[in-house]
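Okay, structure first, notes after.
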Amino acid sequence: MNIFRRLFRIGSAEANSLVDKLEDPIKMTEQGIRDLKEDLGKALEALAEVKALAIRARNDAQADTEKANEYERKAMILLKRAAAGEITSAEADRLASECLVQKEALLATAATNRDNQVKFDGHVTKLDGNIKTLRVNIQRYEVELKTLKARAKVSEATTNINKQLADIDSSSTVSMLERMKEKVDQQEALAESYADIASENNSLDQEIDKAIDSGSSELKAADSLAALKSKMGIASKEGV
């Protein structure tokens, strides 16, 4: 019996140790999930900002291209006006040249903006992939955390049960029941003892009463016989 109790206590101690070890991982996992959610929030902000940069680069490239085309159109108008004699050729060439310079500058800026847009779109793709991975990890960790908490509760319940089993011989409940049983046995024995004493007293009283009643009946019978003889005039032999 002692070896089984010892095994129970060893199992209980190991279970307690397991619960203690589980507490830190739970807290660490909870903190880790909170950190990941903060990272997710920051990543979403970064994604929004990079998307905004990509959109801005695309819009700027489009706007610069449209302006470049507009300068080219103006240069053509100037040359046509010079050909029509509306302005001098020198003035038309000078202004048209300026338009073409602006056109080339705007096309260069548009090209740079398109390159930036491509880079930003690449960043957006990477960030979007990282965010998806982060969300999946958060969901997975939350599921694992629920499982870990459930295991901790089961381990705690098992520990309590094993502890009760290990201490069952010395538990207050069992001791109290044993004391109650002893007390009831003692009371039953005392009641039986009183019953025996009462029985003995009753037997003695009955014997005495029986002896008294028996003598009285004999005396009464003798007196009745003597009275009857006297009435009949028969003398008693003891009186002759």
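The values are calculated or read from the model by the stated rules, or taken from the named source; none is laboratory data. Remember, predicted model here, so these are calculated numbers, not experimental data. Note that each Cβ is placed from the backbone with ideal geometry, even for glycine, and that neighbours are counted across all protein chains shown.
To keep it simple, each residue is scored yes or no on (1) in contact (Cβ under 8 Å) with a residue 60 or more places away in the chain; (2) under 30 Å from Ala57 (Cα atoms); (3) not aliphatic (A, V, I, L, M).
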position	(1), (2), (3)
Arg73	no, yes, yes
Leu79	no, no, no
Glu91	no, no, yes
Ala105	no, yes, no
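Exactly one residue out of Ser199, Ser236, Ser230 is modelled with pLDDT of 75 or more and either in a helix (DSSP H, G or I) or among the hydroxyl-bearing types (Ser, Thr, Tyr) (or both), and it is Ser230.
Yes/no per residue for (1) within 30 Å of Leu145 (Cβ to Cβ); (2) at pLDDT 90 or above; (3) within 25 Å of the chain's Cα centre (by Cα); (4) loosely packed, with under 12 Cβ neighbours inside 10 Å:
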site	(1), (2), (3), (4)
Phe4	no, no, no, yes
Asn16	yes, no, yes, no
Gly41	yes, yes, no, yes
Val50	no, yes, no, no
Asp60	no, yes, no, no
Glu70	no, yes, no, no
Ile77	no, yes, no, no
Lys103	no, yes, no, no
Leu107	no, yes, no, no
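Restricting the range 134-168 to residues that are of a type in the set (A, V, I, L, M, F, W, C) and more than 24 Å from Glu30 (Cα to Cα), which is modelled with the highest pLDDT? Before the answer, list the steps.
Residues of the range 134-168 of a type in the set (A, V, I, L, M, F, W, C): 134, 136, 138, 143, 145, 148, 150, 152, 154, 157, 161, 165-166, 168.
Still in the list and also more than 24 Å from Glu30 (Cα to Cα): 161, 165-166, 168.
On the way: Ile161: 82, Leu165: 71, Ala166: 68, Ile168: 57.
My answer is Ile161.
Residue pairs whose Cβ atoms lie under 6 Å apart, sitting 6 or more positions apart in sequence or on different chains, and linking a residue in the range 31-60 that is under 23 Å from Ala111 (Cβ atoms) and in the same structural domain as Arg140 (by TED's automatic domain parsing) to a partner that is acidic (Asp, Glu) and surrounded by 14 or more Cβ atoms within 10 Å (Cβ to Cβ), are Ala54/Asp121.
Restricting the range 109-133 to residues that are closer than 30 Å to Lys27 by Cβ and of a type in the set (Val, Ile, Thr), the residue that is surrounded by the most Cβ atoms within 10 Å (Cβ to Cβ) is Ile131. Put simply, of Glu104, Glu91, Glu66, Glu144 the only residue that is within 30 Å of Gly41 (Cβ to Cβ), assigned to a helix (DSSP H, G or I) and not polar (S, T, N, Q) is Glu144.
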